[in-house]
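A.B. asks: Dropping the structure in here first, questions after.
The values are calculated or read from the model by the stated rules, or taken from the named source; none is laboratory data. Not measured: the values here are computed from a predicted model. All Cβ positions, even for glycine, are placed from backbone atoms using ideal geometry, and neighbour counts span all protein chains on display. Just the protein is used for accessible areas: all its heavy atoms, side chains included, with ligands, DNA and RNA removed. Shrake-Rupley method; radii C 1.70, N 1.55, O 1.52, S 1.80 Å.
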Amino acid sequence: MGWYKDSLRSEHLNDGVRPIVACLSERGAVDMNVTAFEGSFIFHNKRSAWNVNYFGLPVFLTKEGLKNDGIQSYVISPVDEMNKFSKTFLNCTCVVAAGQDAETGENISFMSHEDPKYLQKHGWRNFTRDFRESLYKVKERCVPGTIDAVIAGGNFFTHVWKEEIEKPFRDDYRNVVYALAWNMSAILGFPPVIITGPKIVKGEEHIFYENEHRRLYIFRKKVGDVSSESYVLKMYFKQEKKWMEPLPK
């Protein structure tokens, strides 16, 4: 059973199948490095890219085939061979699931961008329906042993503002990670890797997924600290203790 396999060591994947790998970069001044990367990603890559645009108008998102539940709720891309990207993650989280299409032999994937505040306020029903539908589509279309899935994004603040402000961010992150990971494990049969911890300093995050080589490019204000470490859900509280420590001066 995949539940007992160590997804951090890619034990859920067949020999020779690449896991989703993250490349973390610190954002440059005025996001110039992000802008340059985005231009290269979109215009100089042989595949076009889905903009999983959390700030997009719902009528246009729906028309293009991106699942959503209204303004600034969640957005889920189609499952296909295109690259995907989404920008300006604050409290929101991101999921990428990918596998090898049984008919074409190509990698296919989807990306999501979900707002835990919206889900807490308006309910999880629609998101859970759409999210699980996308997971099942990956599972049904892909060769067993080629599917990988990861979670990124989120905030976890301590020693930044007052505790009454910070605690809701921490609660939102914990709740959404547990809900996402539970659904992913139940459908895909293995625990997803949370490929980066939450941001522990203020700032936006931008995420790009290159489908062919399963590379996830993540731009955030600070990298190389404990929040950059990958983990699986059973390690959550061990990682949380690290995030709770005061930030270095």
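A.B. asks: Which of the numbered conditions does residue 112 fail, given that it passes all the others? Conditions: (1) outside any strand (DSSP E or B); (2) in contact with a helix residue (DSSP H, G or I) (Cβ under 9 Å, 6 or more places away or on another chain).
C.D. replies: Unmet condition: (1).
A.B. asks: Another one. Could you list all residues from region 198-220 that are in contact with a strand residue (DSSP E or B) (Cβ under 7 Å, 6 or more places away or on another chain) and assigned to a loop (DSSP other than H, G, I, E, B)?
C.D. replies: 198, 203, 204, 211, 212, 214
A.B. asks: When you look at residue 150, is it among the β-branched types (Val, Ile, Thr), under 22 Å from residue 77 (Cβ atoms), touching a strand residue (DSSP E or B) at 6+ places or on another chain (Cβ under 6 Å) and assigned to a helix (DSSP H, G or I), yes or no?
C.D. replies: No; evaluated as a whole, the condition is false for this residue.
A.B. asks: Under the condition of being part of a loop (DSSP other than H, G, I, E, B) and more than 17 Å from the chain's Cα centre (by Cα), which residue from region 62-80 is nearest to residue 125 (Cα to Cα)?
C.D. replies: Top of the filtered list is 69.
A.B. asks: Moving on to the next point. Of all residues in region 194-216 being under 17 Å from residue 170 (Cα atoms) and among the aliphatic types (A, V, I, L, M), which is most open to solvent (accessible area, probe 1.4 Å)?
C.D. replies: Ranking the qualifying residues of region 194-216, first place goes to 201.
A.B. asks: Tell me yes or no: at least one residue of region 122-137 is under 14 Å from residue 76 (Cβ atoms), buried (at least 18 other Cβ atoms within 10 Å of the Cβ), β-branched (Val, Ile, Thr) and without any contact (Cβ under 8 Å) to a residue 60 or more places away in the chain.
C.D. replies: no
A.B. asks: Restricting attention to region 1-50, and to residues there that are modelled with pLDDT under 80 and among the β-branched types (Val, Ile, Thr), which single residue is nearest to residue 207 (Cα to Cα)?
C.D. replies: Checking each candidate, the answer is 34.
A.B. asks: Taking only pairs six or more apart or across chains, which ones have beta-carbon atoms under 9 Å, a first residue in region 72-88 that is over 13 Å from residue 62 (Cβ atoms), and a second residue that is among the basic types (Lys, Arg) and part of a loop (DSSP other than H, G, I, E, B)?
C.D. replies: Here the result reads 81/47; 82/47; 83/47, each pair linking region 72-88 to a residue that is among the basic types (Lys, Arg) and part of a loop (DSSP other than H, G, I, E, B).
A.B. asks: Additional query: Which pairs do you get when a residue that is touching a residue at least 12 places away in the same chain (Cβ under 8 Å) and acidic (Asp, Glu), found in region 219-248, comes within reach of a residue that is open to solvent by less than 50 Å² (accessible area, probe 1.4 Å) and outside any helix (DSSP H, G or I), reach meaning Cβ atoms under 8 angstrom, with the pair 6+ apart or on two chains?
C.D. replies: Correct list of pairs: 225/200; 229/196; 229/197; 240/156; 245/158.
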